[in-house]
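The values are calculated or read from the model by the stated rules, or taken from the named source; none is laboratory data. Owing to the predicted nature of the structure, the values given are computational and were not obtained by experimental measurement. Note that we place each Cβ from the backbone using ideal geometry, even for glycine, and neighbour counts take in every protein chain shown. The accessibility values were calculated without ligands, DNA or RNA, using every heavy atom of the protein model including side chains. Shrake-Rupley method; radii C 1.70, N 1.55, O 1.52, S 1.80 Å.
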Amino acid sequence: MLFSQLSSYFEKLEATSSRLALIDILADLFKHSSEAEIEKIIYLSQGRIAPFFEATEIGMAEKQVAQAIASAFNSTKQDVLKLYGEVGDMGEAAMQIVRGPVKSNPSRQGSLFASLKVHAVGSPSSFATPRKKITVSDVFEILTQIAKTQGLGTVEKRQVLLSDLLRKSDSNSVRYLVRIPLGNLRLGIGDPTILDGLAKAKLGDKSKRKLLEGAYNRTSDLGLIAKTLWEKGLAAVIKLQVVVGKPIRSELCERLPNAEKAIEKMEIVSVQPKYDGFRVQIHKDGDKVSMFSRNLENMTHMFPELIEGTLKQIKTKTAILDTEALAYQPESEEFLPFQETTKRRRKYGIEEMTKTLPLKAFVFDILYKDGKSLIDKPLSERLVILKQTLIINGTLIPAKTQTVRDAKTLNIILEDSISKGLEGVVIKKLESPYEAGGRNFNWVKLKRQQSGELNDTLDCVILGYVFGKGKRTAFGAGALLVGVYDDKNDEFVTVSKIGTGLSDEEWKEIHKRADKIKVDHKPARVNSVIEPSVWIKPEIVIEILADEITRSPIHTAGAVINQSGEKEPGYALRFPRLVSFRTSDKKPEDATTVKELIEMYKLQNKK
Ligand code: ATP
């Protein structure tokens, strides 16, 4: 496939406001993809050349990309940056340089363009015709070369590679080629929508996505799934197993109101403290250790002490451990608050932070050992294997685990956990397998009961903002329209408008972030009755506390048409207030789901 064809698909994907259209466009794209290309097309559609969990970054700074554009089209870096400043998107700026002024807005674009020093032979639009037929594979190879370039002269070499590629491409391709190295492609397609597209293209119907989900939960690698499906068929996808180095999608917790209900439902459980840090899945393959966050980001470089600990304390050749990492002082048995631990999620100053704020990883599960997946074995067996595998005394600490069959004991353990500064406990069905990507009653979290408010916060995604009156107008927003995630339909549905609990500083911060991701139409994966003043791409996750969840006809979260064809109201938050930004550790798809919201609604009256 030519890259210009792929770019036309990108253009269509970007323009649509309908999720069903997203799936159709993707299915059409995939149908036209060959065995040799499908994997590359999947990664490129995500703006990458490797799955998200691989640390491979094409990473170029704005100034470098501007220089590459300037060299490709005989302009200057300053002029490119100036145009970028005006249009707000480097891809758009590059496309305009290639195409010349946009006719629809002649006065603005014309004056802008006139100020550019384009020294090309003939008119600027003479760049519009592609010089050579560039294929998807050509682009993939050059982007890979850019990513792999290292050492002395890296900046220049990358610029030359990119500008050569741009020079050979048509204007629409240029728009997307510029965005990829900036990590800014953002077509707004979620993984489930890609799976829908694959299912529709190859298995005839999007509902067949279910057949691909097991492999996705075990490997998290959409490219691998697509390649296997194209080359070997569905049976081979279903057989795809856990691979060391590819993160397994995390098992998550359900909620229950109290210890009594938990024992009634789960009978015999294994109880562990609920450590309040962040989830780290540790993979050991010989002397290579890699680590992944709950949302599948590669965190290997962030925690050198955990790499060292793993190599010292795990002697088997291969292993995958599920852990929660946090700052902990063993001498005083003191758990540091989440706000401290979270300072360790950083790209720079790692060595120093390792000394001032060392982490421990509390290991609560083992999912793989000596070349074999353990996820189908019952928890009781996995815990025995963990005990045999982990050498104690070091950075990795086995999570304290107790087997309990009565509510009284469970309550005592819960109280004890809370008094130690922990969040509560996680209770797990002793005989349950590890359900990758699952959130069900195999794992349940129990937290402290608080009256007057929900006993758990919600992670919501900002979908837009509504202009306000008075003081806040200065920041351009009076309320944020926020939503939760509907994982079945891979879309974001509204649950609240929130205006209180935000300081002036926070408004400014939101504004700064939101302005970069403003869009002129409702994003395809957003489902809302309310029309905010400004739509933004669903990317910013905030943690919200509310007093209560109520039913509401104006929100789309949980709103359904019932069997008699009547519209049932959605769910909304009463007295919502902002607790924190979760952008660094949660993707929009990790936000609270509609299913969770409804369960929280049912639970609130059962305390
Ligand atoms: P929260 O915001 O309350 O942490 P969450 O949506 O991030 O919720 P939950 O499913 O509510 O995730 O809780 C599971 C999380 O708790 C896990 O992802 C993990 O990071 C953390 N955790 C802490 N201790 C344990 C444990 N012993 N077993 C499993 N998970 C644990």
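Of the residues E589, E509, only one is of a type outside the set (K, R), farther than 30 Å from G438 by Cα and either open to solvent by 20 Å² or more (accessible area, probe 1.4 Å) or within 16 Å of the ligand (Cβ to nearest atom) (or both); which? Give the derivation first.
Working: E589 fails: farther than 30 Å from G438 by Cα.
Of E589, E509, the one residue that is of a type outside the set (K, R), farther than 30 Å from G438 by Cα and either open to solvent by 20 Å² or more (accessible area, probe 1.4 Å) or within 16 Å of the ligand (Cβ to nearest atom) (or both) is E509.
Anything in segment 514-532 that is more than 26 Å from E568 (Cα to Cα) and open to solvent by 20 Å² or more (accessible area, probe 1.4 Å)? List them, or say none. Spell out how you get there, then give the answer.
Filtering segment 514-532 for residues more than 26 Å from E568 (Cα to Cα) gives 514-521.
Of everything in segment 514-532, those that are more than 26 Å from E568 (Cα to Cα) and open to solvent by 20 Å² or more (accessible area, probe 1.4 Å) turn out to be D515, K516, K518, V519, D520, H521.
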* **Among (1) surrounded by 14 or more Cβ atoms within 10 Å (Cβ to Cβ); (2) over 28 Å from I307 (Cα atoms) - the single one V426 does not satisfy** => (2)
* Could you tell me which numbered condition L13 fails, if it satisfies all but one of (1) assigned to a loop (DSSP other than H, G, I, E, B); (2) more than 20 Å from W230 (Cα to Cα)? => (1)
* Asked: Hey, any hits in segment 386-405 for a residue that's of a type in the set (A, V, I, L, M), in contact (Cβ under 8 Å) with a residue 12 or more places away in the chain and in a helix (DSSP H, G or I)?
  -> yes
* Extreme residue, nearest to L367 (Cα to Cα), among residues of segment 222-251 that are open to solvent by less than 10 Å² (accessible area, probe 1.4 Å) and within 16 Å of the ligand (Cβ to nearest atom) -> I248
* To do: Filter segment 434-470 down to the residues that are part of a loop (DSSP other than H, G, I, E, B) and away from the ligand (no atom under 16 Å from the Cβ), then identify the one that is modelled with the highest pLDDT.
  => F467
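Do any strands (runs of 3 or more DSSP E) entirely within segment 252-353 hold 1 or more residues that are within 16 Å of the ligand (Cβ to nearest atom) and buried (at least 22 other Cβ atoms within 10 Å of the Cβ), and if so, which?
Working: elements: 252-255, 269-274, 278-285, 288-292, 318-329.
By residue number, 269-274, 278-285, 288-292, 318-329.
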* **Every residue from segment 376-396 that is surrounded by 15 or more Cβ atoms within 10 Å (Cβ to Cβ) and under 20 Å from V289 (Cα atoms)** => I385, L386, T389, L390, G394, T395, L396
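Within 28 Å of the chain's Cα centre (by Cα) and among the charged types (D, E, K, R): does that describe D365?
Values: within 28 Å of the chain's Cα centre (by Cα): yes; among the charged types (D, E, K, R): yes.
Considered against the rule, which asks whether it is within 28 Å of the chain's Cα centre (by Cα) and among the charged types (D, E, K, R), D365 comes out as yes.
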* To do: Might you check whether a residue that is under 21 Å from K445 (Cα atoms), away from the ligand (no atom under 16 Å from the Cβ) and of a type in the set (D, E) occurs anywhere in segment 375-398?
  => no
* Asked: Within the group L198, L177, L211, which residue is in a helix (DSSP H, G or I), open to solvent by 30 Å² or more (accessible area, probe 1.4 Å) and among the aliphatic types (A, V, I, L, M)?
  -> L211
